[in-house]
Amino acid sequence: MIHTDHALVLFSGGQDSAACLAWALDRYAHVETVGFDYGQRHAVEMVQRAIVLDRVRQAFPEWAPRLGTDHRLDLSAFGAIGETALTSERAFEMTERGLPNTFVPGRNLVFLTWAAALADRRGLGRLVGGMCETDFSGYPDCRRDTLDALQAALNLGMDRSFVIDTPLMRLTKAQTWALTLGLGGQALVDIVLEDTHTCYAGERGARQDWGHGCGACPACELRARGWREWEAAGRPALAA
C-alpha cells in the first residue's frame, strides 16, 4: 500500500535538501531519506548528511518521531559514465553544449527512478527533491516540466500514483534561506550553516558567514549570493 502522507526525501546533505527535509517533516506523517553515492568528488556530503539527520532529531523533538529510516544507494557505476566536473578532478567551466560541466547527464532522472523503486517497496507516496528553476544553473533535469514528464512515466511504468514534490522550484537561494528560517527558526539555519555541505570542490575548511565551502565553485557562489541577498533584505522568514 502506498501512503500519500509518507515521503521519501532525496537528501544529499546540502542546503537545499536540508530545507526540503524540514519542509517534508513539517507536512507529512512519516519521512524517510535517501542518499546516492555516485562517485561525486564532494563525497564529504555523504558524511555530513548523517550528521545533519542527527542534529535535526536532537534540535526538533516534534519532528524526530516522523523521521524514519535513512537509505544509502550505491550508484558509483553511473557516476563514472558522465566524466563531469562533479565526478572527476577538472576545472569548472562551460561545455560546447552551453551547459556547465558540473551537469551529470540524467542524474536527477536516475535518482528519482531509483527513489521511486525504493518508495514502492517502502510504501511511500511522495518523492521530495530540491530541484530549482529560479536560481537556474543550466541543468535541464531541474526543470518542472522534466519532472512532470518523469512523474507520469514512473506512474505509468510502476502502476502507482507517486507525486514528485519540488518545494524550492520557484524560490531563489535567498528565499530558500527565508524558508529555512520559517520552517525551523534560527536552530535550523544554524544546522544548515554548520553541518550541511554544498561545495562542489568538497572543501569544508573554515566556516564562512554562509557556511562551509571553497567559496569559488558555482555552488558556493550561488549559496553565498543568496545569503547576502537574504541578509540585505533583513533576513525575512518565508512561510512553508
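Values in this text are rule-based calculations from the coordinates and carry no lab data. Bear in mind that the values here come from a model prediction, so they are computed numbers and not experimental data. Neighbour counts are summed over all protein chains in view; Cβ atoms, including those assigned to glycine, are modelled from backbone coordinates with ideal geometry.
Determine the relative contact order of the chain: mean sequence separation of Cα pairs under 8 Å and six or more apart, normalised by residue count, in whole percent. Present the calculation step by step, with values, prior to reporting the outcome.
Values: 438 pairs, mean separation 55.2, N = 240.
About 23 percent, as a whole number.
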* Asked: Averaged over all directions, how much area does the convex hull of the C-alpha atoms of the chain cover when projected, in nm²?
  -> 12.2
* To do: Run through the DSSP bridge list for the chain and note the antiparallel percent, rounded to the nearest 5.
  => 10
* Asked: What is the packing order of peptides 18-27, 177-186, 63-72, taking the mean over residues of other C-beta atoms within 10 Å and listing the highest first?
  -> 18-27, 177-186, 63-72
* Find which of 212, 4, 149 sits farthest along the positive direction of the dipole of the chain, computed with +1 on the beta-carbon of Lys and Arg, -1 on that of Asp and Glu, about the Cα centre. => 4
* **Net length gained if the chain between residue 160 and residue 50 were fully extended (0.36 nm per residue, minus Cα distance)** => 36.6 nm
* Asked: Stretch residue 170-residue 186 to full length: gain in nm at 0.36 nm per residue minus the Cα-Cα span?
  -> 3.5 nm
* **Ratio of the Cα radius of gyration of region 117-240 to 2.2 N^0.38 Å, where N counts its residues** => 1.20
* Positive end of the charge dipole of the chain (Lys, Arg +1 and Asp, Glu -1 on Cβ, about the Cα centre): tell me which of 140, 238, 119 has its Cα farthest that way. => 238
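Given charges of +1 on the Cβ of Lys and Arg and -1 on the Cβ of Asp and Glu, with all other atoms neutral, how large is the dipole of the chain about its Cα centre, in debye to the nearest 20?
Dipole of the chain, to the nearest 20 debye: 180 debye.
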* Quick one: putting +1 on the C-beta of Lys and Arg, -1 on the C-beta of Asp and Glu, what dipole do you get for region 106-240 around its Cα centre, in Debye to the nearest 20? -> 120
